[in-house]
Amino acid sequence: MVENLRDNLGMKIEENIKETVIMLNAYKIRTVQSCEGHFEKDRQIGPWILIKPEEPLIENWYE
């Protein structure tokens, strides 16, 4: 089942970040995109996960 998961761009979850994405989703933290990071000679991009919170149930909750 996890092998079939895709992000909003239709990309599979990368192997080195998959466990973290699974854990977040298990706790009902919705993830929409992620990257395991890319560490190459000329550039380093750290791992990241984009989380989309649910809409608040109460209007104007921040006031």
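The values are calculated or read from the model by the stated rules, or taken from the named source; none is laboratory data. Remember, predicted model here, so these are calculated numbers, not experimental data. FYI the Cβ positions are ideal-geometry reconstructions off the backbone, even for glycines, and counts take in every protein chain you see.
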If we keep only residues of the range 29-63 that are exposed (fewer than 11 other Cβ atoms within 10 Å of the Cβ) and closer than 18 Å to N8 by Cβ, then the residue modelled with the lowest pLDDT is E55
Give the number of residues within the range 1-14 that are of a type in the set (A, V, I, L, M, F, W, C) and surrounded by 11 or more Cβ atoms within 10 Å (Cβ to Cβ). 4
When only residues in the range 20-40 that are assigned to a strand (DSSP E or B) and over 10 Å from the mean Cα position of the chain (by Cα) count, which is nearest to I51 (Cα to Cα)? H38
Is it fair to say I17 is over 11 Å from the mean Cα position of the chain (by Cα) and surrounded by 10 or more Cβ atoms within 10 Å (Cβ to Cβ)? no
